[in-house]
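The values are calculated or read from the model by the stated rules, or taken from the named source; none is laboratory data. Note that this is a predicted model, so its numbers are computed, not measured. All Cβ positions, even for glycine, are placed from backbone atoms using ideal geometry, and neighbour counts span all protein chains on display. The area values use the complete protein model at the heavy-atom level, side chains included, leaving out ligands, DNA and RNA. Shrake-Rupley method; radii C 1.70, N 1.55, O 1.52, S 1.80 Å.
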Amino acid sequence: MGNQVVSTAPVVAFEKVCKRYPVGLLRRNHVQAVEDVTFSVAAGEIFGLLGPNRAGKTTLAKILLSLCRATSGTTLRLGEPASNHRTLARIGYMHENQAFPRYLTASGLLEYYGALTYVPRADLAKRIPKLLDRVGLADRSREPIARFSKGMVQRLALAQSLINEPDLLVLDEPSEGLDLHGRQLVREVARELRDAGKTVLLVSHVLAEVERLCDRIAVLVNGKLVHVGPTAELSRDPKTGSTRSFEQALRELYSKT
């Protein structure tokens, strides 16, 4: 599927990562969100992160993006510890429920995020029109986001995630609210980045999308890593060697808990 991985150096690496959240009135008890998770993602691949609800996928993404800290373990991002916030300027992030300031225009939002990631003004002046055209919003560039539909906001979110030409793009349920053309656009962007030797981390519940797009996947269940490997291998029964559906293989993994 797609090009081969162009580098053996991990772009993302989790080593024995654990995350516990304190709960209760005195916060003396804990909920284990992620337990002893270890896997890596190399440059030049699209990597899928799968699991049922409350499996720990969002927690791992937050740790990677420095939105929360791991209780223990090591997390590397672009070859540096996740505590090194300088690498955040090289990351793009698209979330399923964006909370953009609704008074900003589409162009104004991209200017704002471009400044946050240290993109020079001259580069922004060239990139913004191209990105808005790519996502089908060129004719709405001066309208406030308050007038945008859910699908339009998601298209703008895709443009925002690309404004800094990221080395690592994290897509968290990117198909939410998008029509067929919008979903195809997300797939095209992911493949283009992979072909350019960059890395895409996809968190999604859309199994067909993951199966079609991802080179490798990791599966989390109740905070534990239960599978990591090439996407195509999941459809082969390890005991009999026979072929099974991707969905059936995932159901079996989810039932292990």
Can you tell me the accessible area per residue over the stretch 7-136, all protein chains present, probe 1.4 angstrom, in square angstrom? 55 Å²
Determine ³J(HN,Hα), in whole Hz, for all residues of the stretch 152-168 in sequence, where each value follows from phi through the Karplus function 6.51 cos²θ - 1.76 cosθ + 1.60 and θ = phi - 60°; x replaces Gly and Pro. 5, 4, 5, 5, 5, 4, 5, 4, 4, 5, 9, 4, 9, 6, x, 7, 10
Roughly how tilted is helix 106-116, in degrees to the nearest 10 and between 0 and 90, from the longest Cα axis of the chain? 60 degrees
Non-local residues with an amide H under 5 Å from the amide H of His227, with H modelled 1.01 Å from N and Pro and chain starts lacking one, are Val219
Would you please put 200-206, 132-138, 178-184 in order of how densely packed they are, using the mean number of other Cβ atoms within 10 angstrom per residue and starting with the highest? 200-206, 132-138, 178-184
If amide hydrogens are placed 1.01 Å from N in the peptide plane, which non-local residues have theirs closer than 5 Å to the one on Val170? Gly92, Tyr93, Met94, Leu201
So the carbon and sulfur contribution to the accessible area of the stretch 1-97, 1.4 Å probe, in percent, is 49 percent
Give me the percent of DSSP beta bridges within the chain that run antiparallel, rounded to the nearest 5. 60 percent
Degrees, to the nearest 10: 121-134 long Cα axis against longest axis of the chain: 70 degrees
Quick one: Karplus J couplings for the stretch 201-215, per residue in order, coefficients 6.51, -1.76, 1.60, θ = phi - 60°, nearest Hz, x for Gly and Pro? 10, 10, 9, 7, 9, 7, 4, 4, 5, 5, 4, 6, 9, 8, 7
So what is the calculated 222 nm ellipticity per residue for the chain, using -39500 (n - 2.57) for each DSSP H run with n of 4 or more, over all residues, to the nearest 500 deg cm²/dmol? -9000 deg cm²/dmol
So the compactness index of the chain, its C-alpha Rg divided by 2.2 N^0.38 Å, takes the value 1.04
Quick check: the distance between the Cα centres of the stretch 88-156 and the stretch 52-75, to the nearest angstrom? 26 Å
